[in-house]
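S.K.: Sharing a structure here in structure tokens format.
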Amino acid sequence: MPAKERILLILKTRKGKAGLLLLILLAWYWLALPSTLFHDPQSTVLEDSHGILLGARIADDGQWRFPYNANVPEKFSKALIQYEDRHFFHHPGFNPGSIFRAFRQNLKQKKRVSGGSTISMQVIRLSRKGKSRNLYQKLVEFFLATRMEITYSKKEILALYASHAPFGSNVVGLDAASWRYFGRSPDRLSWAESATLAILPNAPSLIYPGRNQEKLRLKRNRLLDRLLAAGEIDRQTCELGKEEPLPGKPHILPDEAPQLLNRAAAYQGQKGKRICSTLDATLQDRIKTIVEKHHKRLLGNEIHNAAVLVLDIETGKTLAYIGNTEPEPGKDFGNDVDVVMAARSTGSILKPFLYAGMLNDGLILPNTLVPDIPTQFGAYAPQNFSESYDGAVPAKRALARSLNVPAVKLLQQYRIERFHDLLQKIGLTTITRPADNYGLTLILGGAEARLWDLAGAYASMARSLNRYNTEGRYSRNDYHPAWFLADDSLRYRKAAEVSGTSFFDAASTWITFEAMVEVNRPDEDASWRDYISSSKIAWKTGTSFGFRDGWAIGLSPRFVVAVWTGNSSGEGRPGLIGVQTAAPILFEVFGQLPQTPWFKKPEQEMQRITVCKESGCKAGEYCDKEQMWVQKAGLHSLPCPYHRLLHLDKDEKYRVTSDCEAVANMKHVPWFILPPAQEWYYKRKNAGYKSLPPLKPGCGAGNMLHSMEFIYPKEQSKIYVPIELDGKPGQTIFEVAHRKPGTIIYWHLDDNYLGSTTGIHQMALAPSEGKHVITLVDEFGESLVQAFEIIGKGK
């Protein structure tokens, strides 16, 4: 007989039908328990790296319901079991003795005074919201509780109860109740506090802190006596516990990192979860205090917002995240804005990246002279913050002093497209427009960046240097964003190794950091020195156009600290300068961090060479020389272009040629010669600079060096002349530099004589619209001719 027919025959028998029914009941019993018991919306909870609560957001249903916590503190566990279910660890989900006792009590009182439910049955009841409390539902709870005991351990059932039990008002779960009623985590509660919370779920609508205090006290004290009788606590603990006050008004939950909490909640579906961050709660609290102290100082100048980041360089994890200042009572100054993630004008904060890039590509040596004179690129005329000029300045000092004109000159040499590409590669995500859209302003605040990206980029540079110093190699993996979620560490640890070159070689990075150690603003208040700690720190400040943003970023081999100050609204304020508003915060934060030895010099990537002491370039034949450690890429840089061998008369007063002086009477002297415009400013700041001697009268021009150079305008300039307030066309100031300022210069415009100047060679002119030629002739007969065009006169 086929198997199918045999089965049908069996099912027709009484035993077969009973067996089938049993199978159906077993299947129902097994499948009756949902795979997930609770579907309630949960609060978003942010914790530090040690599990300390930093902040929380209420659940969507208006309840303070923290996410499930598998860890139930021992004190609460024992208090709950003594109060609710003393045989919890010994029954299969129901307790016949408790059920019989409840039945007897209810019969005696002629009303329901006890339910006889175990903790397991209560978990089922809590999960089945809205069900009537009748005999049928009690039976359902009975069966589901026994089914739950098969799937879940006793510890897990206890954790489910602790996470979902009501604790009065809109507080659900032990974690939320502990913070709301006692202001600390459950594992730090006393026996009396744990007993108080163990009582509350039994009647949350009747007994909760702030009401029925005496009734709550009696129940708590009886539970303490029960714990004493069970041997869980000693008599002293019991008696002292009875003296502890009951909780009163609910506590406000910690809100140590509100902007990060909001950011984390919106990050990859983290809303309604327990988010473990990389922050250090102790450090976060200290830095928050520092920011608020300086916030009060800045309010005097109507500066309302600030942000601070502290990163661990080795890992890239965020140790402190101050997204904004605390709100001012009754006022809205955008304090809820996460300024850490806001794109703001960079000011000078990108200059170290350019300096490092030029070193890495061998375009300069650390102290290569860079022009620092009034400069115009079409309609763009950058100026130094001090509105003064040095003529020429070592690149390292230009970075340390944050000089703008040398930075633009360097960017012009490096090329905008190359720098634009470099910034994107090192992690500045807001550099999104085409390179030519930024132009040369890219280095002086023409671009916007986030504090988050900037801190990550500086940390990546330091991380790459540290790797080279410890392992002797590079890895592109060292360049990655900062991270704030503990789980993100896996992403960077598991990333495929990309060995090879770095965006900056170790020597260029080390030299850049050395230059940043010397950062100062001698043209401003030097009070920043009061904040410098005893530890060596590389740092850079920045101030955006219109005094809207004040930046300060500093680093040591272990930490990066990044600070922004300003107004979320973008309003500028006089005195909103990075060195005055952000740097004091920076150094006070560093004072909270462990001191570390400075970066090791990467000598394998460097070479000691002979350089020109005055120009900083590779030494030429006629230079005054000195030895210096430079990056190996710099070995291909050009030799000094400023030293020439001059032929002078025997008194060294005049330059001569063989046309007017016998070779035997000549003196051949090495001479440091800057172009006239650079020289004019340079010798004001450098008293030892010796101007080029004049050519001896009667000598032919020979290989004559020019004595004059236009400061403004440059060759083929197009000049727009605006209308003044009185309605008349404005004038243009023409200016020229002469190696000997006392020399008389005669001015001609389109062959028409205009006049002469001596000393300061400036002349205000108002040429007509169109193309013109200006000709200058000095008293020695040297001439200088320059073409220009007036394009907007009177329009």
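S.K.: Can Trp629 be described as touching a residue at least 12 places away in the same chain (Cβ under 8 Å), surrounded by fewer than 19 Cβ atoms within 10 Å (Cβ to Cβ) and assigned to a strand (DSSP E or B)? Show your work before the answer.
M.R.: On the way: touching a residue at least 12 places away in the same chain (Cβ under 8 Å): yes; surrounded by fewer than 19 Cβ atoms within 10 Å (Cβ to Cβ): yes; assigned to a strand (DSSP E or B): yes.
So Trp629 fits the description; yes.
S.K.: Then there is this: Is it true that Arg217 is in contact (Cβ under 8 Å) with a residue 60 or more places away in the chain, open to solvent by 20 Å² or more (accessible area, probe 1.4 Å) and assigned to a helix (DSSP H, G or I)?
M.R.: For Arg217, the condition - in contact (Cβ under 8 Å) with a residue 60 or more places away in the chain, open to solvent by 20 Å² or more (accessible area, probe 1.4 Å) and assigned to a helix (DSSP H, G or I) - is not met.
S.K.: Can you tell me which condition Gly755 does not meet? The list is (1) farther than 27 Å from Ala379 by Cβ; (2) in contact (Cβ under 8 Å) with a residue 24 or more places away in the chain; (3) outside any loop (DSSP other than H, G, I, E, B), and all the others hold.
M.R.: Condition (2) is where Gly755 drops out.
S.K.: Considering region 645-691 alone, what residues qualify as being within 54 Å of the chain's Cα centre (by Cα), part of a loop (DSSP other than H, G, I, E, B) and surrounded by 13 or more Cβ atoms within 10 Å (Cβ to Cβ)?
M.R.: Matches in region 645-691: Ile673, Leu674, Pro675, Asn686, Tyr689, Ser691.
S.K.: Next question. Return yes or no: is Pro209 outside any helix (DSSP H, G or I) and either within 28 Å of Ser127 (Cβ to Cβ) or modelled with pLDDT of 95 or more (or both)?
M.R.: Values: outside any helix (DSSP H, G or I): yes; either within 28 Å of Ser127 (Cβ to Cβ) or modelled with pLDDT of 95 or more (or both): yes.
It is true that Pro209 is outside any helix (DSSP H, G or I) and either within 28 Å of Ser127 (Cβ to Cβ) or modelled with pLDDT of 95 or more (or both).
S.K.: A follow-up question, please. If we keep just the residues of region 765-786 that are in contact (Cβ under 8 Å) with a residue 40 or more places away in the chain and in a strand (DSSP E or B), which is most open to solvent (accessible area, probe 1.4 Å)?
M.R.: By that ranking, first place goes to Leu784.
S.K.: Looking at (1) open to solvent by 60 Å² or more (accessible area, probe 1.4 Å); (2) without any contact (Cβ under 8 Å) to a residue 60 or more places away in the chain; (3) touching a Pro at 6+ places or on another chain (Cβ under 9 Å), which is the one condition that is false for Gln762?
M.R.: Failed condition: (3).
S.K.: Within region 234-285, can you find the residues that are closer than 12 Å to Ala320 by Cα, outside any helix (DSSP H, G or I) and among the polar types (S, T, N, Q)?
M.R.: If the condition is that a residue be closer than 12 Å to Ala320 by Cα, outside any helix (DSSP H, G or I) and among the polar types (S, T, N, Q), then Ser277, Thr278 are the ones that fit.
S.K.: Sticking with this structure for a sec: Note down all Cβ pairs under 7 Å where the first residue falls in region 269-288 and is open to solvent by 20 Å² or more (accessible area, probe 1.4 Å), the second is assigned to a helix (DSSP H, G or I) and among the small types (Gly, Ala, Ser), and they're at least six residues apart or on different chains.
M.R.: Here the result reads Gln270/Ala264; Lys271/Ala265, each pair linking region 269-288 to a residue that is assigned to a helix (DSSP H, G or I) and among the small types (Gly, Ala, Ser).
S.K.: If we only count helices (runs of 4 or more DSSP H) wholly inside region 375-492, which ones have 2 or more residues that are surrounded by fewer than 22 Cβ atoms within 10 Å (Cβ to Cβ) and among the charged types (D, E, K, R)? So that I can check it myself, show each step before the final result.
M.R.: Values: elements: 395-400, 404-414, 416-425, 435-438, 451-471.
Counting at least 2 such residues, we get 416-425, 451-471.
S.K.: List every residue pair whose Cβ atoms sit under 7 Å apart, with the two residues 6 or more apart in sequence or on different chains, where the first one lies in region 146-175 and is part of a helix (DSSP H, G or I) and the second, anywhere, is polar (S, T, N, Q) and crowded, with 23+ Cβ neighbours inside 10 Å.
M.R.: From region 146-175, the pairs are Met148/Ser120; Glu149/Ser120; Ile157/Ser120; Leu174/Ser163.
S.K.: For region 558-612, how many residues meet the condition of being part of a strand (DSSP E or B), under 19 Å from the mean Cα position of the chain (by Cα) and of a type in the set (A, V, I, L, M)?
M.R.: 4
S.K.: Right, something else. Just give me the residues in region 119-148 being closer than 18 Å to Trp30 by Cβ, surrounded by fewer than 22 Cβ atoms within 10 Å (Cβ to Cβ) and over 49 Å from the mean Cα position of the chain (by Cα), in sequence order.
M.R.: Leu139, Val140, Phe142, Phe143, Thr146, Arg147
S.K.: In this structure, is Trp191 under 22 Å from Glu47 (Cα atoms) and either out of contact with any helix residue (DSSP H, G or I) (no Cβ under 7 Å at 6 or more places or on another chain) or aromatic (Phe, Trp, Tyr) (or both)?
M.R.: So Trp191 does not fit the description; no.
S.K.: Is there any pair linking a residue in region 331-342 that is outside any helix (DSSP H, G or I) to one that is among the aliphatic types (A, V, I, L, M), with Cβ under 9 Å and at least six apart or on different chains, and which?
M.R.: From residues that are outside any helix (DSSP H, G or I), the pairs are Asp338/Leu260; Asp338/Ala307; Ala342/Ala307; Ala342/Leu451.
S.K.: Is region 128-145 home to any residue that is modelled with pLDDT of 85 or more and within 28 Å of Leu224 (Cα to Cα)?
M.R.: Within region 128-145 (the criterion being modelled with pLDDT of 85 or more and within 28 Å of Leu224 (Cα to Cα)), the answer is no, since none of the residues qualifies.
S.K.: From the list Thr325, Thr315, which residue is among the polar types (S, T, N, Q), assigned to a loop (DSSP other than H, G, I, E, B), open to solvent by 20 Å² or more (accessible area, probe 1.4 Å) and touching a residue at least 24 places away in the same chain (Cβ under 8 Å)? Show your work before the answer.
M.R.: Values: Thr325 fails: open to solvent by 20 Å² or more (accessible area, probe 1.4 Å).
After applying the criteria, what remains is Thr315.
S.K.: Can you tell me which condition Ala582 does not meet? The list is (1) more than 24 Å from Lys396 (Cα to Cα); (2) touching a residue at least 40 places away in the same chain (Cβ under 8 Å); (3) among the hydrophobic types (A, V, I, L, M, F, W, C), and all the others hold.
M.R.: (1)
The values are calculated or read from the model by the stated rules, or taken from the named source; none is laboratory data. Source: prediction; values computed, not measured. Every residue, glycine as well, gets a Cβ built from its backbone with ideal geometry; the counts of neighbours run over all protein chains shown. These accessible areas exclude ligands, DNA and RNA; they are computed on the full protein's heavy atoms, side chains included. Shrake-Rupley method; radii C 1.70, N 1.55, O 1.52, S 1.80 Å.
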